[in-house]
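Remarks on the structure that follows.
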Amino acid sequence: MSNEKLTPRSENYSEWYNQVIQRAEMADYAPVRGCMVVRPYGWALWENIQHALDGMFKETGHVNAAFPLFIPMSFLEKEKEHVEGFSPELAVVTIGGGEKLEEPLVVRPTSETIIGYMYSKWIKSYRDLPLLINQWGNVVRWEMRTRLFLRTLEFYWQEGHTAHVSEQEAIEETLRMLEIYTRFATDYAAVPVIPGRKSSSEKFAGAINSYSIEAMMGDTKALQAGTSHMLGQNFAKAFDIQYLDPNNELQYCWTTSWGVSTRFIGAIIMTHGDDQGLIMPPKLAPIQVVIVPIYKNDEERARVMPVVENIRAELASLRVKVDDRSEVTPGFKFNDWEMRGVPLRLEIGPKDVEKGSVMAARRDIPGREGKSFLPQNDILHAVDELLAQIHDALFERAKTFRDSHIQEVNSYEDLVSAVEKGWAYAWWCGNGECEARVKEDTKATTRCIPMDQPEGSGECVVCGKPAHEKVYFARAY
RNA sequence: CGGGGUGUAGCGCAGUUGGCAGCGCACCGCGUUUGGGACGCGGGGGUCGGCGGUUCAAGUCCGCCCACCCCGACCA
């Protein structure tokens, strides 16, 4: 519960972010540096995210399984880029049961290696392919600087790992999952994202190509909200994932991996939140509708509560909370649920009992403008309608904000100033040195080379050489 | 690992020249309140980050250590 006003976003965005998470009881700091406790309200949001994504994975033929937390150190070392990328951030177990281990065990930072090892045992024939497995779990990466949800030592995610007969199939899978992530962000979280390909310096350690969905946060910084990797035959060769093709010839598989983590919660917070607190996208909100009964005394309470219960029953298909606390005032409850981002609030008092109405207040439109009377008859239909409108309005608002903070630039000077205020969209030759120079000068990195590319070609915004792709540059979380 | 900062009740903080450890919020009880953050009265809650030193006496002075935060380096 909270009693004071939040730090406004414009004053100190990081402070606002930390406060809103703690006051809305999404998460708390754990006793170990960089670790967090996901509190029930935060976990409820994660469960809704899981449910939505999991449904889409199942629809596309994926199944869930669980692989071990511990990975033999030697596994990581089998793929050169992979070990180079991850070794600085590994947590390693060297003692078990009081005895020094013969081989150190890595706490998984991601599971390509151990899953690759298992796949090599399971895959014998082209008839075993494609193999489409997902796992929901936690991973550990020993990060230097951490932030709740965005970067913690331990985080929760899903990681899909697939094996295919051909490069073409693997590419299709990689892009299919990128598309699913895009749809999830748009249709469920109301977070507009740009799907695209990562530059080679930004790609996953061990991948041929990485793709991501990139979202703009309320301070205009970019956040990678999901990734999908085409791993080529790198892991297949490192772990001998081979099959016999119809001609009885031994072939290496083509593999992919893709993931979305609890970081996405950070994306939701920073995309929709305002100075009053969180704003939950209706489809993922742990509580979609909060009902606040209004009464002055027992007599009024006796008249109001049956109507409240009736409305609750009508809305049984939704996630509804009745806030019947007697120790706090309605005004306090309004602020309290606004902090937690409940998309729709219904107030039901003596006047509503008489008139057969309820007062509805939209979280996305503060104050009187967001309030309207709904008839008690057919309340479910009216509430569904409002929730759908809130979803659309949140998406549109975020998209308008994002688009108004992206600047198309043709000169290096414009690029430098653009990334101070938002994102820059520019031609890039693809050379890592140009990328590095931008990072050196501005801290902005290439976020992605969007799938949607304009016609024609241009000159690299950094070096002026011919460029055939446009890229987003931005400062990122 | 470098630079800076902070450690006193759950949270935010005050604590003078060394002299009984406090305030606000939160929490518990009772009563009055309740359509935009109510109020009164009464309560509970402390290894002052840790260890050592100086002193009749240390939250306060000295030394060492630890933790956390910010900036940097680093970063699927």
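Structure notes:
- Of residues in the range A:162-214 being part of a strand (DSSP E or B), within 15 Å of RNA strand B (Cβ to nearest atom) and β-branched (V, I, T), the one farthest from A:Y472 (Cα to Cα): A:I213
- Residue in the range A:411-422 that is in contact with a helix residue (DSSP H, G or I) (Cβ under 7 Å, 6 or more places away or on another chain) and under 17 Å from A:L223 (Cβ atoms) present: yes
- A:E159 within 16 Å of RNA strand B (Cβ to nearest atom), of a type outside the set (K, R), within 24 Å of A:N209 (Cα to Cα) and surrounded by fewer than 19 Cβ atoms within 10 Å (Cβ to Cβ): no
- Scanning the range A:67-80 for residues that are open to solvent by less than 90 Å² (accessible area, probe 1.4 Å), more than 15 Å from A:V140 (Cβ to Cβ) and not in a strand (DSSP E or B) turns up A:S74, A:F75, A:E79.
- Taking the range A:115-128 as the range and being touching a strand residue (DSSP E or B) at 6+ places or on another chain (Cβ under 6 Å), within 20 Å of A:Q168 (Cα to Cα) and buried (at least 20 other Cβ atoms within 10 Å of the Cβ) as the test, the residues that pass are A:Y119, A:I123.
- Within the range A:28-43, if we keep just the residues that are in contact (Cβ under 8 Å) with a residue 40 or more places away in the chain, open to solvent by 60 Å² or more (accessible area, probe 1.4 Å) and part of a loop (DSSP other than H, G, I, E, B), the residue that is farthest from RNA strand B (Cβ to nearest atom) turns out to be A:V32.
- For the range A:267-357, the strands (runs of 3 or more DSSP E) that sit wholly inside it and include 1 or more residues that are at pLDDT 95 or above and near RNA strand B (Cβ under 9 Å from one of its atoms) are A:289-293, A:344-348.
- Only listed residue being under 25 Å from the mean Cα position of the chain (by Cα), open to solvent by 40 Å² or more (accessible area, probe 1.4 Å) and under 24 Å from A:T182 (Cα atoms), chosen from A:E59, A:E25, A:E112: A:E59
- Per the listing A:A393, A:A382, A:A418, A:A388, the residue uniquely under 30 Å from A:K443 (Cα atoms), outside any strand (DSSP E or B) and either more than 10 Å from RNA strand B (Cβ to nearest atom) or open to solvent by 50 Å² or more (accessible area, probe 1.4 Å) (or both) is A:A418.
- Of all residues in the range A:84-106, those that are modelled with pLDDT of 85 or more have Cβ atoms under 9 Å from Cβ atoms of residues that are of a type in the set (K, R), 6 or more apart or on another chain, in A:F86/A:R141; A:E89/A:R141; A:L90/A:R141; A:A91/A:R141; A:T94/A:K100.
- In the range A:396-415, the residues that are more than 23 Å from the chain's Cα centre (by Cα) and open to solvent by 40 Å² or more (accessible area, probe 1.4 Å): A:Q407, A:E408, A:N410, A:E413, A:D414
- When A:E179, A:E249, A:E202, A:E173 are checked against the criterion of being farther than 27 Å from A:D392 by Cβ, in contact with a Pro (Cβ under 8 Å, 6 or more places away or on another chain) and not hydroxyl-bearing (S, T, Y), A:E173 stands alone in meeting it.
- Criterion applied to A:R363, A:R368 was being at pLDDT 95 or above, outside the structural domain of A:Y41 (by TED's automatic domain parsing) and closer than 24 Å to A:K5 by Cβ, and the one residue passing it is A:R363.
- Test result for A:W122, assigned by TED's automatic domain parsing to the domain that holds A:A267 and closer than 30 Å to A:W337 by Cα: no
- Criterion applied to A:K203, A:K237, A:K221 was being surrounded by fewer than 24 Cβ atoms within 10 Å (Cβ to Cβ), among the basic types (K, R), assigned by TED's automatic domain parsing to the domain that holds A:N48 and touching a Ser or Thr at 6+ places or on another chain (Cβ under 7 Å), and the one residue passing it is A:K203.
- Counting the residues of the range A:363-379 that are near RNA strand B (Cβ under 9 Å from one of its atoms) and open to solvent by 40 Å² or more (accessible area, probe 1.4 Å) gives 5.
- If you go through the range A:316-343 and keep only what is aliphatic (A, V, I, L, M) and either surrounded by fewer than 19 Cβ atoms within 10 Å (Cβ to Cβ) or not assigned by TED's automatic domain parsing to the domain that holds A:Q376 (or both), you end up with A:A316, A:L318, A:V322, A:V328.
A quick yes/no check of all residues on (1) farther than 26 Å from A:I268 by Cβ; (2) within 32 Å of the chain's Cα centre (by Cα); (3) among the charged types (D, E, K, R):
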residue: A:V292; (1), (2), (3): no, yes, no
residue: A:K296; (1), (2), (3): yes, no, yes
residue: A:V320; (1), (2), (3): no, yes, no
residue: A:G341; (1), (2), (3): no, yes, no
residue: A:D352; (1), (2), (3): yes, no, yes
residue: A:K355; (1), (2), (3): yes, no, yes
residue: A:R363; (1), (2), (3): no, yes, yes
residue: A:Q389; (1), (2), (3): no, yes, no
residue: A:D392; (1), (2), (3): no, yes, yes
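The values are calculated or read from the model by the stated rules, or taken from the named source; none is laboratory data. Predicted, not measured: the structure shown is a model, and the values here were computed from it. For neighbour counting, all protein chains shown are included, and Cβ atoms are generated from backbone atoms with ideal geometry for every residue, glycine included. For accessibility, only protein heavy atoms count, side chains too; no ligands or nucleic acids. Shrake-Rupley method; radii C 1.70, N 1.55, O 1.52, S 1.80 Å.
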